[in-house]
Structures are given as C-alpha cells and as structure tokens.
Amino acid sequence: MLHKIINIRNLSDSAYIIRMEKNNFDFLAGQYLSLGIPDDANMREYSIYSGDADPYLEVLIKEVQEGDVSVLLKKTRVGQALNVEGPYGFFTLRDKDIQNREFLFLATGTGISPFHSFIKSNSQLNYRLIHGIRYVEEAYEKEAYSDLRYTSATSKDSQGDFHGRLTNYLKTLNPNSDTLCYLCGNVDMIHDAYDVLQEKGIPVDQIHSEVYF
Ligand SMILES: Cc1cc2nc3c(=O)[nH]c(=O)nc-3n(C[C@H](O)[C@H](O)[C@H](O)COP(=O)(O)OP(=O)(O)OC[C@H]3O[C@@H](n4cnc5c(N)ncnc54)[C@H](O)[C@@H]3O)c2cc1C
Ligand SMILES: NC(=O)c1ccc[n+]([C@@H]2O[C@H](COP(=O)([O-])OP(=O)(O)OC[C@H]3O[C@@H](n4cnc5c(N)ncnc54)[C@H](OP(=O)(O)O)[C@@H]3O)[C@@H](O)[C@H]2O)c1
C-alpha cells in the first residue's frame, strides 16, 4: 500500500521521524511495519512510533552509514509516497496487564520507538523507561516521557541522567519480581540485560524482546 509522507522531523544529523498518512492501517502498539521506496525491491522493518489512535503513522529511523534503505528514506520529501506493508510482530502489551502491572522498558538507540507507541497509546501505563544511548543528543523526544519515569544512560558522555551503559544502570535497580520487562534494540544489550534481570529474580516468561540488529 502507498502512504504519502505528511511531515519529516530531523532529530539529529542521522535520526529522523517520517509521518505518513494512516489510510486503513490498524495496528497494535509495539508492532512494526515494512517500509520501502516504490519501485525499489528493498524493504526494511521499522517499529511504529506513533500511538494506535493517532490519525497518522510515524516511524523513527536512524540513517545507517552505507545502509541500503535508511539512506534512501532520509532523502525522501513531503508529498512523496512510500510502500508500507504490515503490521507485523508480537511485541505488544496484553490488555489485562495494561491497567494493573508494572512495566520496565529497556531500549538502545531507536529501540525506544515501540515504547513511545506503548506510552502514547496508553496514558495510564505504570512504567519505567531506561534509554541506552551513546550521547545525550540521542535522547530522542525525551519530553514525551515524565522525568520521573525516564532515565537516559549515556555511554560516551556524562550528560545523561546516568553515565554508563544501560546494563550498569539496571544493576542499581531492584524491580519487583512481578514486573513485566520489555527489551528492544541491539542484540548484545538484550542478552546482557536478560542476564541482569534474571539475577534480579525476574522470571523468563516476564521478559519480552525485539531485536533490531
Ligand atoms: C523488528 C525490527 C524493527 C526495527 N525497527 C527499527 C526502527 O524503529 N528504527 C530503525 O532505525 N531501525 C529499525 N530496525 C532496523 C531496520 O530494519 C534496518 O535494518 C536499518 O534501517 C538498516 O537498514 P539499511 O538498509 O539502511 O542498512 P543495511 O544495508 O540493511 O544494513 C547495514 C548494517 O546496519 C546495521 N544496523 C541495522 N539497524 C541498525 C540501527 N538501527 N542502528 C545501527 N546499525 C544498524 C545492520 O546490522 C547492518 O550490518 C528494525 C529491525 C527489525 C528487525
Ligand atoms: N565507530 C563509531 O564511532 C560509531 C559511532 C556510532 C555508531 N557506531 C556503530 O553504529 C551502530 C549503531 O550504533 P548506535 O549507537 O546507534 O547503537 P548501539 O550500538 O546499539 O548503541 C546504543 C547504546 O547501547 C549500548 N550498548 C551496546 N552494547 C551493549 C550491551 N551489550 N549492553 C548494554 N549496552 C550496550 C551502547 O554502549 P557503548 O557505547 O558502550 O557500546 C550505547 O550506549 C553500531 O554497530 C556501532 O558500532 C559506531
């Protein structure tokens, strides 16, 4: 399906948000779509950044140096149409948990995208969000989250809320054993955070993950 671009927000030299027409594209917060340029066979997966009730679709993309698709998408302009397929994926919240469970969200880089959608879609969510990034400039749209619930962990500068990797910050926390944990981003972080959560007594069936690369 073709979806016209309505707006583009550049968040840094390499990260940008594309807002597109929603058309009839219904999805559950946490799902992803497949995106590409019409007439180009290459498509890539992107978590949906917007909320499930927003009248548009948004994705948060980081341009990967020498990447095939993220570089082409960065060159697109308002009014141009993109090829969208989906939605796909099971990295979603269960209705019965939304009202009465505590959530711990762990993201690296653009892995914050599904959490933005969870939070925008469910205003009453009881969550803590830890965002692992290299530099504070990568704390994408942090004003969308309550200061009490959001922590940036910056590994390459001391300007974040915590100086060091997300996993080092996680070691300082003591989550309740019934906390539901969602992990999204690079696979090494997911493995390491998984180990820390297990050491903290979180059962494996309460840990959900979405690997980007
Ligand atoms: C389920 C799922 C959801 C995803 N959601 C997002 C999203 O919301 N935003 C987003 O920017 N990307 C997301 N990705 C990654 C995305 O699909 C592409 O892999 C990425 O945009 C690179 O594509 P490319 O064609 O430009 O580079 P390619 O030519 O395909 O790959 C170049 C290299 O870049 C590495 N790479 C892939 N993704 C990243 C990244 N985010 N940061 C740094 N290096 C990377 C790959 O390991 C590869 O070695 C997601 C991936 C999956 C599987
Ligand atoms: N050469 C460079 O200067 C440079 C600069 C930017 C990006 N890159 C490359 O671009 C890609 C994406 O970079 P990115 O910054 O967007 O995403 P990223 O590699 O996922 O890094 C985001 C954050 O995750 C942290 N992280 C990485 N592995 C982790 C682990 N096992 N446990 C806990 N935290 C972990 C990083 O810490 P650390 O900083 O400690 O790894 C950083 O704080 C990577 O492949 C990277 O090598 C290279």
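The values are calculated or read from the model by the stated rules, or taken from the named source; none is laboratory data. The structure displayed is predicted, hence computed values, not measured ones. Note that each Cβ is placed from the backbone with ideal geometry, even for glycine, and that neighbours are counted across all protein chains shown.
Descriptive notes on the structure:
- In the stretch 56-140, counting only strands (runs of 3 or more DSSP E) that sit wholly within it, the ones holding 1 or more residues that are more than 9 Å from ligand 1 (Cβ to nearest atom), of a type in the set (A, V, I, L, M, F, W, C) and without any contact (Cβ under 8 Å) to a residue 60 or more places away in the chain span 56-62, 126-133.
- The combined condition, being among the charged types (D, E, K, R), surrounded by 22 or more Cβ atoms within 10 Å (Cβ to Cβ) and farther than 26 Å from F162 by Cα, is fulfilled by E58.
- Among residues of the stretch 202-213 that are at pLDDT 95 or above, those with a Cβ under 9 angstrom from a residue that is part of a loop (DSSP other than H, G, I, E, B) and among the hydroxyl-bearing types (S, T, Y), sequence gap 6+ or separate chain, pair up as I202/S177; I202/T179; P203/S177; Q206/S177; Q206/T179; H208/T92.
- Of Q159, Q124, all but one fail to be at pLDDT below 95 and not assigned by TED's automatic domain parsing to the domain that holds V59; the exception is Q124.
- The residue of the stretch 1-44 that is farthest from the chain's Cα centre (by Cα), among those that are aromatic (F, W, Y) and more than 16 Å from ligand 2 (Cβ to nearest atom), is F25.
- All positions within the stretch 10-35 that are part of a strand (DSSP E or B) and either among the acidic types (D, E) or over 21 Å from G185 (Cα atoms) (or both): R19, M20, E21
- The set of residues in the stretch 108-124 being away from ligand 2 (no atom under 16 Å from the Cβ), within 11 Å of the chain's Cα centre (by Cα) and over 14 Å from K142 (Cβ atoms) consists of S117, F118.
- Filtered residue count, the stretch 145-192, keeping only those that are touching a residue at least 12 places away in the same chain (Cβ under 8 Å) and of a type in the set (D, E): 3
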